[in-house]
Amino acid sequence: MKKAMYALIFALIIVSGLVFANREIKNKTAQKQSPKTLSAAETKAEIKKWEATPAGQHFKKWEASAAGKKVYAAEEKIAKHLTEYTDMEAVITSLSLPPGSKLGFGVMVSINDEDYILTFDAEKSQREILNSLKVNDKIMIKSHYVAHAPKYAYPIISCESATVNGTIIFKRIHRKGGC
């Protein structure tokens, strides 16, 4: 009986030691992953360093090209709506994104005679309603964010909410715990 009791206590000590050690390892990796905030001068230095890389040079060439200027001009047309978070009327022009895109679920839309990629960070339950959209449907969208990339010939709008005929069909669900 005494031997069995010692064996159980010894096993308990081993298991709790492993659990404690695993917790310490997780804490150390979490501390390593949190990046420090850079000052303005450090940020400028990092950008200059990146611009010297082949990817940075490619991006700068794209910005100066006609395609890059077209994308920036289209972004400028909706900048006021983005900063003020007001409705934008969009007409769906295509239910698929450009070939080779890796933006997730989205559609092509036209806003004020400019084409945009409209992406939705949609849950499965929200996709059913979004899949019912058709070409030439008019939707009202709100967003705070537009992006661009040399890979795409259009600005990329990240949709926060969308309505059709006053009915909300999409509302972005913010993730818990940050990003």
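Out of Val146, Val107, which single residue is touching a Leu at 6+ places or on another chain (Cβ under 7 Å) and within 23 Å of Trp62 (Cβ to Cβ)? Steps first, please.
Numbers: Val107 fails: within 23 Å of Trp62 (Cβ to Cβ).
Result of the check over Val146, Val107: Val146.
Checked against (1) more than 30 Å from His58 (Cα to Cα); (2) out of contact with any strand residue (DSSP E or B) (no Cβ under 9 Å at 6 or more places or on another chain), Leu133 meets all criteria but (2).
Scanning the range 77-104 for residues being surrounded by fewer than 12 Cβ atoms within 10 Å (Cβ to Cβ) and out of contact with any Lys or Arg (no Cβ under 8 Å at 6 or more places or on another chain) gives a total of 8.
Only the coordinates and a few stated rules stand behind these numbers; no lab work does. Computed from a predicted model, the values in this text were never measured in an experiment. Ideal geometry is used to build each Cβ from the backbone, glycine not excepted, and the neighbour counts take in all protein chains shown.
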